[in-house]
Structure formats: C-alpha cells, structure tokens
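*Asks:* To start, I am sharing the structure in question, which I have written as structure tokens.
Read-outs throughout are calculated quantities, based only on the coordinates presented, and are distinct from any laboratory measurement. Only a predicted model underlies this, so the values are computations on that prediction, with no experimental measurement involved.
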Amino acid sequence: MADPEWDFGIVYDDQGLIQILQSPFFDVDPEVDRTVEEYVARILDTVVMAVEDQLGTVEWRLVTGPQ
C-alpha cells in the first residue's frame with residue numbers, strides 16, 4: 001500500500017483503488033484552497049478518475065420523479 005505522505009496524500013486499498021474518504025488529498029486546505037472553485041478544480045480530475053475506476057462497470061439510471 002502506498003504511503004500517503006509520499007503519494008500526494010492519496011490512500012489506496014488492497015485492490016489499488018483510491019479511498020476518497022480516507023485520503024488527506026481530498027481534505028480542504030485553506031492555504032491552497034482559498035475558494036470552493038479552487039478546491040473543486042484541485043480535486044475534480046482525481047475524483048472523476050477514482051469514480052470511473054471503481055464504478056465504471058455499474059449501470060447508472062437517472063430518476064426524475066417517483067417510481
């Protein structure tokens with residue numbers, strides 16, 4: 001398993017998937033993230049990659065009303 005201090009604050013599980021909730025990379029850092037837009041810009045690519053890796057084979061369905 002990667003050391004988060006040396007891997008840009010990203011924690012991986014035993015299957016090599018990014019653990020978003022446990023990774024310090026996704027924590028808000030007021031010294032770097034001065035606005036919500038800066039925070040989202042910093043983490044967006046990594047979050048998208050993690051979701052695609054972990055849920056890429058899941059079929060998604062958008063529901064706009066009660067079923």
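*Asks:* Per DSSP H run of n ≥ 4, the term is -39500 (n - 2.57); total these for the chain, divide by its residue number, and report the mean residue ellipticity at 222 nm rounded to 500 deg cm²/dmol. Present the calculation step by step, with values, prior to reporting the outcome.
*Replies:* Numbers: 1 runs with 20 residues, N = 67.
One gets -10500 deg cm²/dmol as the mean residue ellipticity at 222 nm.
*Asks:* Where does helix 36-55 land angle-wise versus the long Cα axis of the chain, in degrees 0 to 90, nearest 10?
*Replies:* 60 degrees
*Asks:* Follow-up question, since we're still on this one. Which whole number in µm²/s is D for the chain by Stokes-Einstein, with the Kirkwood Rh taken over Cα pairs at 10 °C and 1.306 mPa s? Don't skip to the end; give the middle numbers.
*Replies:* Values: Rh = 13.7 Å.
Using the Kirkwood radius from Cα pairs, D works out to 116 µm²/s.
*Asks:* On to the next question. Percent relative contact order of the chain, based on C-alpha pairs within less than 8 angstrom and at least six residues apart? Numbers along the way, then the final one.
*Replies:* Numbers: 45 pairs, mean separation 13.8, N = 67.
Answer for the chain is 21 percent.
*Asks:* Rank Val28, Val11, Val36 by mean-square fluctuation in a GNM of the chain with C-alpha springs under 10 angstrom and give only the top-ranked residue.
*Replies:* Val36
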